[in-house]
Every structure is written in C-alpha cells, then in structure tokens.
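Working notes, beginning with the structure itself.
The values are calculated or read from the model by the stated rules, or taken from the named source; none is laboratory data. The structure displayed is predicted, hence computed values, not measured ones. Here the Cβ is made from the backbone with ideal geometry for all residues, glycine too, and neighbour counts use every protein chain on show. With ligands, DNA and RNA removed, areas are computed over all heavy atoms of the protein, side chains included. Shrake-Rupley method; radii C 1.70, N 1.55, O 1.52, S 1.80 Å.
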Amino acid sequence: MKNKLIFLFVLSIIGCTTAQKTTKSAITIKNIHPVDSLLALMTTEEKIGQMTLFTSDWESTGPTMRDTYKADIRAGKVGAIFNAHTAAYTRSLQKMAVEETRLGIPLLFGYDVIHGYRTIFPISLGEAASWDLAAIQQAARIGAIEASAAGLHWTFAPMVDIARDPRWGRISEGAGEDTYLGNAVAGARVKGFQGANLTDNNTILACAKHFAAYGAAQAGRDYNTVDISDRTLREIYLPPFKAAIDAGVRTFMTSFNELNGIPATGNKYLLKDILRDEWKFDGMVVTDYTSINEMVEHGNVANEKEAGELALKSGVDMDMQGAVYYKYLKKSLAEGKVTIQEINQAARNVLMMKYELGLFDDPYKYSNVTREKELVFAEAHRKFARRLAQKSIVLLKNKKGILPLPQKSKKKVAVIGPLADSQKDMLGSWSASGHAEDCVTLKKGLQEAGSDLIFSFAKGCNIYDGDQSGFAEAKKMANDADYIILSLGENRGMSGEAASRSNIGLPGHQLELAKMCKKTGKPMIVVLSNGRPLAIPWIAENADAIVETWFLGTEAGHAMADVLLGKYNPSGKLPVTFPRNVGQVPIFYNAKHTGRPFDAKNKYTSKYLDVPNTPLYPFGYGLSYTSFDYGKITTDKRRFTQSDSINISVIIKNTGDYDGTETVQLYIHDLVGSVTRPVKELKGFQQVKIKKGAYKTVTFTLTKEDFMFYDKNMKWTIEPGKFDIYVGTNSSAKDKVTITYF
Ligand code: NOJ
C-alpha cells in the first residue's frame, strides 16, 4: 500500500518537473524501493538539502542562529527543521516544502522532547530514580502523543550517556551512572517514543544520543576531551546505545566530544565500524549542533570543508545547523573528495525516515490542530505526571520516622527556601513546550493537599546570590513553627547543557539558611530540587529528614506534598552515587578493587586522609516509610555450566507500618578474571509491592550472559570461576552467596 502511494507520489512529481527524462527511466526499474525512485529524481543540491537540518527562529539551543530557513525550505535546500512546533506552524512550513519546491519532499520536524512536550515529567535522572520501566516508557509515550499532535516527527531523545561525574550538568538528562539500569531505561524510552508502529500518527522517531562517551568529559566540564580505554568504552558507555538499537531506535546523534583523539562526528570507528558494521544499524545519523564545524576547533581538520568531508566519510547523514554540507559538499564532490554514492547513501537514510513515518502518504498527518487541542496537556497526562513524580522522589533520611507529617494535626509548619514557590525551576532543563505557569510548586501542593496542618511560607534567600535580607523573616517563622520544611537546591539552569559546576554543594546562601533554621531546634525536613547529586554532608548530618525530588515537572508540588503528608510512600532509589565532597569525584559503585583496597588500619591502602572512601549515599539507595527485611539468599544450584540458568531467591518482609514498594537489586562480583572486574555490577532489579506485615519471594534468573565481559583479548566471554551474588536494598548490600561457573 505504502509503496504504491509513494510510487504514485513519484509519478505525480514527474508530471510537473523538468527532470522528466531521468525520472522515467528511474521509476521503470522493477522492484526498486520507492525511496530509490525518488532519489533518482533528485539533483545533488536536493540530496544535500535532505542532509541539512536548520533551526527555526523560535528557540535557540546553541550558539549560532540562521535566519534564512524559510528561504532555504522554499529552495529545497533544507530537509529538516528543529525548534519549530505546534500544528499550525509546522503545517505552514510543511506547505512551503510540499507546494513550493520542485519535488515536494516533506520536511522532518525535530525537537528536544526530553521529559515531556507540554506536560512535563521529572527530569530524566529523576525518572530513572523511579526504577519503574513501565512508567518511564509511558512518560515517553505521552511525550510522543503530545509532540506528534503538535506537528513533531522526531525527538532528540533519549540521551543514553552514562554519567559518572556529577559536575557534568548533563547528568540530569540521562539515567545516571549504571550501564545495566541505563540499558533498561534506554529501551523503555525508545519504545515509548516510537510506539508499536512509526506510521501511526502519534509515534515519533527517537534519537539515541550523544554517540559516544560524551558523559566521560574530563573533569566533568561540558564538551571536554574524552580519553578512555576501549574496554571502558565498550563495557560502560556503549551498551545503552546498543540497547536503544535493540529497542528499535531509528536515529542516532553524534556527540560534541573527541574520543581518544578523534572527534565523534568524524569518527569512523564509532559511526561505521561499530554502529553500522557491528550493530547493523540501518537508520539515520545526525550530528549534534554544529559539531561538524567544531572539528576545526578540535584541530583534526584544517577547515569546515574538510570537516564536512570527514563527517560524510565517517557516516554522518545529516548536518545539524552547521551548514557545512549545505555550503561545501557539492564542491567536495566536484573535487572528488567525496563520492556521489556517499551522498546518495546519506540522503537515502534521511528519506527513509520520512518514508517510515508515512510522510509521503500524508505530509500533514502530524500537524493536526484538533488533535493538538485535545491531546496537548490533557488531564490524563497531568495525572500520570503526578504519579511518575511521586515515584521519582527518593527519601534519603528519615530520623525517628519524622515523616510523614501528621496531616490530621493542627501543627504549624514553616516552609522556607528559594525553591518552595518557584514554578519555572520545577520544569528542569530542556522542558520543550512546558510552561512555568502550569507547574505546581511545593507551596501550592501543600496548600491544596487538604490537611489540617497550618503552613506559613518564606523565601529566606535566593538560590544563587549573596542576598540574606529574607533571613530575619525566615527565622521568625521557623521559631514560631512545630516543623520546618526547607526547600533547597539548584535552579533549573544549573544543570543540563553547558551547566557544569566545580562545586556541587548548595549554591548561594542556602546552607547558612539551613544552619540558621537548625539553631531553632525545630525538626527540620529538607526537600531538595536539583539536577545532579549534591555534596551535602552538613545537611545529611543535621537534617531530620531529606527528600530528594530532582526537578519533578508540571506536577512537582502535588507529588512532594503527597510524599510529605504520607499519601504516597516513597519508593525511589538513587540512579547515581552522592559523594561526600567533590574531591571524591568520580565516585561510582562499580569501581575496581585496587591492589591495596581500603583498610582503616593500614596507611598504605587506597584512601584519602580527609574523607572516607564511601559515598554520602550509594547508588541504589532510597528509604521508605516502612521497613523491609531481607531473608537469606538461596539458590537452586551453586555450580552452573554454559547451558544452565541459575535461580537466586530471597524473601522480603515488610516489617513496618505502611504498605510499600521495594526495588530489590542483584549485583555480581567476578572474583578472579583475566582482567580485573568491578567490586559489584548490577545484573537485575525487581520492584515489589508488599503490604505491611506481608512478605514476598523475589527470584532472579541469571544466565551465562549475565557473567560475560571483555576478556584480556577483548573477546566477549565468560571465564570459569567463582562469582559472589549480592541481593539487597542498594549497592552497598553485604549479604551474598558464592556460585561457581565451570
Ligand atoms: C545540543 C545538544 O547537545 C543536543 O542534546 C540537542 O539535542 C541539540 N543541541 C538540539 O537542540
């Protein structure tokens, strides 16, 4: 059917083009793919146009702007536009492409729909803290439903970069530090965006980014150099990209960084040898924003023209915003620096995306004002945003069960801090078409919660300046209250792109504000909003309770109030380690043992003089209002061979006073390998709801694949020997059994 339609489309073009001779012979070839028929009609300029992506003038997501995109659309010199959305606007641009260009090839509209389009969900790191894959997938689904109704075809998400350095601001955009969790989340997000069938009008192309190892930027400084071993690349940074492919992702974005001396955008090893040859990816590859041009600054090419040649030869199909293909590729072809086959292949990869979306059947199918009105910011989407926001909250401390607050009492609660009533900060970074005025703040959430508690509110100070003029009011209010809730953290611009920090404590005067409140002697609950792990040793020591909320999106305040008042029993777990101070960074749970592992009594072991080796909060950590007791770990066998699977079980009992959800985590440690292995590696997790007083048996099934790694010859293999298996509530789990592979 589809083939027939595009065939007719191609035929209809022939009637009104000047390229009649070439086209006729092209389309008479039997069994030719319709996209190839179309390709045969195209001039070199038109092909290069398809390989070009420009931003509209609606938004800026990078350093340079062009203002000629409409003229370029009309001239057939641009095949895709980003930062243009809404059904009406995309329709008007599409009309230019379809009606005013020689071949009428529809545009592809992309946008950074990262954690929602208009209904904003928690930032990606926050979503990952839910460890709830179905919910994460659903959030991406809703993002796609809204975005597609607003005319969009393509999201620049998911970001699947593993991030082990909290200084790096973009840690907020991914699933955290762990590859196993990262793989699972990558798959869930791709499936959510792309749905079951890309030709549906509510599914959009996903984009696995940034390929590759962008998160390993030296010193956590954005865009910085990456120099890592092939083993680390393949074991830690690449698997989530492969997981995205396995989930069907159709596009990839190259990263800004160089990798071991070669910028990713001109890196054949990444883009051809691994992506196309090893992984058999047959979708489309786009650059990041002007990253072809930036190779000149990197210093591996002499000028932009050379950069474009290298990018094309390395496997880049589409140039985002840099206009390098647009300006130079035709000349490069004439000079024999690139081949027409290379251009054809890239243009074909782009056209295939349009074809797969069904844009040749109906270029306007996504730009539908009625659907847009009905679906964007739909009530059901908001409801779901609240649920996911609840699930993303991580309870870090709850001394003497101070939380939840007694909502039926008439106690006075002073809510103090710069984030308590900041709507725009709740959006977090990359909030697409999210509106600050849609966001529910903590203040509003508490006011609307219908409790008997008496709330008062004071800002105290700003997030990030030296003004302390609000301290006096805050002090008075704190003295007068039975409880203090402190709403502290970062503003939304302090994480995300180009937002690295060398000091990851609380910015501005927030710590002083907390110290002042502490002096009142009143119970102090700290609610954190932030886009990265924060180093907060004083807060950890002195607060009575700590609630990590990341940036929770549109429904932030409702979800926070739900947790603080006990309407939702927190279940989130950290997807990333919280350091004690920035000097411990990078600190992650799956580190190596070293030859001199920590020994308190021995000076000459691997440690610091001034801070313990352990983190403030480990990966996987998160409390509940109830308590869970883990029974003894049992296995159905202690020795296994290649063809076996092995079952590991543990009984978990809810021993507290609330029904609750626990995320049970399984880690392995390979005791002796031909290359050293991490002290722990996550290999499974399961979420179980257990009623108070009840218990559940959780069983994990492990197979040979779970124990494989790159051996000393970089061969993916399992080596005979012993493995410790840990099952527990976070990555510091101590209970284990030992099994043997022979
Ligand atoms: C640059 C960012 O690195 C990337 O993640 C984003 O998708 C593009 N800009 C487009 O906005």
Checklist entry - Want the number for Glu335 to Tyr269: 0.36 nm per residue separation, take away the alpha-carbon distance, what's left? => result 21.2 nm
Checklist entry - If you find the alpha carbon centre of region 585-618 and of region 447-508, how far apart are they in angstrom? => result 33
Item to check | Proportion of all alpha-carbon pairs of region 63-160 beyond 16 Å (%) | outcome: 59
Checklist outcome for this item: The farthest towards the positive end of the charge dipole of the chain, of the residues Gln321, Asn398, Ala432, given +1 on Cβ of Lys and Arg and -1 on Cβ of Asp and Glu, is Asn398
Checklist entry - In nm, to one decimal, how far is the modelled label at Thr740 from the one at Lys412, with both set 7 Å along Cα→Cβ? => result 6.9
Item to check | Percent carbon-and-sulfur accessible area, region 417-515, ignoring ligands, DNA and RNA, probe 1.4 Å | outcome: 45
Checklist entry - Can you pick out the pairs among Lys399/Lys518; Lys77/Lys330; Lys397/Lys607; Lys637/Lys689; Lys391/Lys412 whose Cα atoms lie more than 23 Å from each other? => result Lys397/Lys607; Lys637/Lys689; Lys391/Lys412
Item to check | Built amide H within the under 5 Å cut-off of Leu259, gap 5+ | outcome: Ala264
Checklist entry - Magnitude of the Cβ-charge dipole of region 385-584, K/R +1 and D/E -1, about the Cα centre, nearest 20 debye? => result 680
Checklist outcome for this item: Straight-line reach check, Lys209, cutoff 21 Å on alpha carbons, 8 or more apart in-chain or any other chain, hits among lysines -> Lys191, Lys242, Lys268, Lys272, Lys280, Lys313, Lys354
Next on the checklist: Which of rounded, prolate or oblate describes region 293-384 when judged by the alpha-carbon gyration tensor and an a/c cut-off of 1.5?
Outcome noted: prolate
Checklist entry - How much length is gained on full extension from Lys592 to Ser502, taking 0.36 nm per residue of separation minus their Cα-Cα distance? => result 29.9 nm
Item to check | Cα long-axis angle, helix 471-480 against the chain (0 to 90 degrees, to the nearest 10) | outcome: 50
Item to check | Whole-percent carbon and sulfur share, accessible surface of region 172-317, 1.4 Å | outcome: 46
Checklist outcome for this item: Phi angles of region 640-652, converted by Karplus (6.51 cos²θ - 1.76 cosθ + 1.60, θ = phi - 60°) into ³J(HN,Hα) in whole Hz with x for Gly and Pro, give 9, 10, 3, 8, 7, 10, 10, 9, 10, 10, 8, 9, 10
Item to check | the chain: calculated mean residue ellipticity at 222 nm from DSSP helix runs of at least 4, using -39500 (n - 2.57) | outcome: -8500 deg cm²/dmol
Next on the checklist: Using the Cα centre of region 628-741 as the reference point, and only Cβ charges (+1 on K/R, -1 on D/E), how large is the resulting charge dipole? Debye, rounded to the nearest 20.
Outcome noted: 160
Next on the checklist: Rounded to the nearest percent, how much of the accessible area of region 628-741 (1.4 Å probe, protein heavy atoms only) is carbon and sulfur?
Outcome noted: 48
Next on the checklist: If you fit an axis through the alpha-carbon atoms of helix 179-194 and take the longest principal axis of the Cα set of the chain, what angle between them do you get, 0 to 90°, nearest 10?
Outcome noted: 50
Item to check | the chain - charge dipole about Cα centre, Lys and Arg +1 at Cβ, Asp and Glu -1, debye rounded to 20 | outcome: 1500
Checklist entry - So what is the accessible area of the chain per residue, in Å², with the probe set to 1.4 Å? => result 37
Item to check | By average C-beta atoms within 10 angstrom, highest first, the peptides 559-565, 301-307, 528-534 | outcome: 528-534, 559-565, 301-307
Item to check | Percent antiparallel among DSSP beta bridges (both partners in the chain, rounded to 5) | outcome: 55
Checklist entry - If packing is taken as the mean number of other Cβ atoms within 10 Å per residue, what is the order of 344-354, 33-43, highest first? => result 344-354, 33-43
Next on the checklist: If you build the convex hull over the alpha carbons only and average its shadow over all orientations, what do you get for region 678-742? Give it in nm² to one decimal.
Outcome noted: 5.6
Checklist entry - According to a simple spin-label model (label point 7 Å from Cα along Cα-to-Cβ), what is the distance in nm between Thr655 and Asp599? => result 3.3
Checklist entry - Which of the lysines could a cross-linker span from Lys424 if the Cα-Cα distance has to be under 18 Å and same-chain partners fewer than 8 positions apart are dropped? => result Lys443, Lys444, Lys459
Checklist entry - How many angstrom lie between the C-alpha centres of region 322-392 and region 255-280? => result 22
Checklist entry - Distance in nm between label sites at Lys637 and Ile32, each 7 Å beyond Cα in the beta-carbon direction? => result 5.7
Checklist entry - Hey, can you rank 458-468, 436-446, 595-605 by average C-beta count inside 10 Å, highest first? => result 436-446, 458-468, 595-605
Item to check | lysines whose Cα lies under 18 Å from that of Lys680, excluding same-chain neighbours fewer than 8 positions away | outcome: Lys573, Lys592, Lys704, Lys722, Lys734, Lys736
Checklist outcome for this item: In whole µm²/s, the translational diffusion coefficient that Stokes-Einstein assigns to region 385-584, given a Kirkwood hydrodynamic radius over C-alpha pairs, 10 °C and 1.306 mPa s, equals 96
Next on the checklist: As an exercise, use a Förster radius of 30 Å and the Cβ-Cβ distance of Asp465 and Glu374 to find the FRET efficiency, rounded to the nearest 0.05.
Outcome noted: 0.10
Item to check | Separation of alpha-carbon centers, region 395-414 and region 68-119, rounded to whole Å | outcome: 51
Next on the checklist: Please compute the contact order of the chain in relative form: average sequence separation of alpha-carbon pairs under 8 Å and at least six residues apart, divided by the residue count, as a percent.
Outcome noted: 13
Item to check | Acute angle (nearest 10 degrees) that the helix 510-519 long axis makes with the longest principal axis of the chain, alpha-carbon atoms | outcome: 20
Item to check | Potential lengthening between Met708 and Ser606 on full extension [0.36 nm per residue; Cα-Cα distance subtracted] | outcome: 34.0 nm
Checklist entry - What relative contact order, as a whole-number percentage, does region 385-584 give when Cα pairs under 8 Å and 6 or more residues apart are counted? => result 35
Item to check | Restricting region 660-742 to trypsin sites (Lys or Arg not before Pro) in coil, as DSSP defines it, with at most 12 other Cβ within 10 Å | outcome: Lys691, Lys712, Lys715, Lys734
Checklist entry - Amide H neighbours of Ala80 under 5 Å, counting only residues 5+ apart in sequence or on other chains, H built in-plane at 1.01 Å? => result Thr52, Phe54, Leu108
